[in-house]
1. Per residue of the chain, what 222 nm ellipticity follows from adding -39500 (n - 2.57) for every DSSP H run with n ≥ 4, rounded to the nearest 500?
2. Would you mind getting the accessible area per residue of the range 12-112, heavy atoms of the protein chains only, 1.4 Å probe, in Å²?
3. Specify whether the C-alpha gyration tensor of the range 1-82 places it in the rounded, prolate or oblate class, a ≥ b ≥ c being the square roots of the eigenvalues: rounded for a/c under 1.5, otherwise prolate if a/b is larger than b/c and oblate if not.
4. Could you tell me what fraction of 2.2 N^0.38 Å the Cα radius of gyration of the range 88-147 comes to, as a two-decimal ratio?
5. Under a straight-distance cross-link criterion of Cα-Cα below 20 Å, which lysines are reachable from residue 51, leaving out those fewer than 8 residues away in the same chain?
6. What do you get for the angle between helix 116-129 and the principal long axis of the chain? Use alpha-carbon atoms, 0 to 90 degrees, nearest ten.
7. Among the lysines, select those whose C-alpha is under 22 Å from the C-alpha of residue 63, and discard any that sit fewer than 8 residues away in the same chain.
8. Could you tell me which label, among (i) 53, 36, 33; (ii) 70, 37, 28; (iii) 36, 35, 27, carries the value of Cα extents along the principal axes in Å calculated for this structure?
Amino acid sequence: LIAACRGKNARRDEAIFRFLTDTGVRASELCALRVGDVDTISGKTIVRHGKGDKMRSVRIAKKARRALRAYLASRPNLDMGDPLFATDEGEELKFNGLVSIVRRSAQRAKVPMPGLHDFRRTFAVESLRAGMGILDVSEFLGHSSLAVTQRYCKLVDDDLQQAHAKFSPGDKLKG
């Protein structure tokens, strides 16, 4: 999808895809973000309007920060209260607009259109695969319980086979 970002909104669209994948924020949370909610140096981002109107922090890594800074540099005269991701008119990007961005990029990339929640699941599963603890994943996702996080993180059989090979108690027995 990132490679398919083209045209006048290519910087915005790339920043959106990287942000969604790097943070696991919900689509509604992404749309509600303001310029002042993100520290583009450290990557710390305050999600002020999470589910149940709960506030939490998420992080964006180097590539997402770079893409976000490039996008923000293309928008002159920004105030801290301006929408982080905006329409061509500078208005807050809405859910349907976000769906359109994903649809256009998927068509250009010739891939099936992912749902917006797929980015959230990708963040969760890939974070676990990379070694992040489930408690940290749960915190970043803003889940109220580990049971909710576990439903998100259904691992494929290959993941389970690798985990078993690494941690197998039977292989650790002497003899």
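The values are calculated or read from the model by the stated rules, or taken from the named source; none is laboratory data. Since we're looking at a predicted model, the values are computed, not measured. The area values use the complete protein model at the heavy-atom level, side chains included, leaving out ligands, DNA and RNA. Shrake-Rupley method; radii C 1.70, N 1.55, O 1.52, S 1.80 Å.
1. -15500 deg cm²/dmol
2. Using a 1.4 Å probe on heavy atoms only, each residue of the range 12-112 averages 52 Å².
3. prolate
4. In units of the globular-protein estimate, the range 88-147 measures up at 1.44.
5. Hits, sequence-local ones excluded: 94.
6. 40
7. 8, 44
8. (ii)
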